[in-house]
1. Given 0.36 nm per residue, what is the gain on full extension from Arg151 to Lys139 after removing their alpha carbon distance, in nm?
2. Add +1 for every Lys or Arg and -1 for every Asp or Glu among the other residues with Cβ under 14 Å from the Cβ of Phe140, and state the total.
3. Starting with the fewest neighbours, write out Asp87, Asp111 ranked by other beta-carbon atoms found within 10 Å of each beta-carbon.
4. Which residues' amide hydrogens lie under 5 Å from the amide hydrogen of Gly135, considering only partners 5 or more residues apart or on another chain, with H built in the peptide plane?
5. Can you work out ³J(HN,Hα) from phi for every residue in segment 126-139, in order, using Karplus 6.51 cos²θ - 1.76 cosθ + 1.60 and θ = phi - 60°, giving whole Hz and x for Gly and Pro?
6. Give me Leu89, Leu27 sorted ascending by neighbouring Cβ count inside 10 Å, so fewest comes first.
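Taken together, the values in this text are just the output of simple stated rules run on the coordinates, not laboratory data. Nothing here was measured: the structure is a model prediction, and the numbers come from that model. Every residue, glycine among them, receives a Cβ derived from its backbone with ideal geometry; neighbour counts consider all protein chains shown.
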Amino acid sequence: MTTARFSHAQCPHPSTKAARAKCRAALRAAAAPADTASKAKADKPRVAASPAAETAPAAPVAVAREEVCGKCGKAYVTTAPESIDVDPLCDPCVAALSGAAVEVTPDTWRDHTNEPASIFVVGVEEPFAAQAITGYSIKFLQFVDVEGAKRRIPATTVERVTV
C-alpha cells in the first residue's frame, strides 16, 4: 500500500481524521483477500447472561443503628452485625480492652477527655504524659500534665496523641 493509494484528494468524504481513517480501513478491507476480510468483519457471537448470575443473592445492606456501650454506657452508632451473646462495646472501649493505643485527633479528642494520654512531639524523644486532654484544635493542643499543670502547645509540633 503506497501513499498514492491513500491520497484522499479524490475522496468524497469530509476532511477529518475520522473520515480519512474510515476510508483507509475500507480500502484495506477491499484490498485484502476474501477470507481475511470476512474474518475482520465477522461479529463476535453474543453470549446471553447465565441464569445463575441473574439469581445471585444481593449483597447484605449495612444498616446503621444506635446501641449503648456495655462498658461505659455511651450511645454510639454502628453498622456491625447484631450479636445476641455479646454486650456491644464502642470503639474506645474495644481499643482499651485490646490494649492497642487509640490515636486522638482534633475531631475525636472529646471522646478521650478524662483518659491519660501520651503526646508525641516532633524533635522530642520521649512523649509527654498527660492526665487529661482539655482541648485539641488545628492550632493548639491543651492538656493537664502529670503534675496537674495546664499546658498548651502548638498543634503543628504535635506528631501524634494516643490514649
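1. Net length gain for the segment: 2.9 nm.
2. With Lys, Arg at +1 and Asp, Glu at -1, the net is +4.
3. So the ranking, lowest neighbour count to highest, is Asp87, Asp111.
4. Gln142
5. 9, x, 6, 9, 10, 6, 7, 9, 9, x, 8, 10, 6, 9
6. Ordered by Cβ neighbours within 10 Å, fewest first: Leu27, Leu89.
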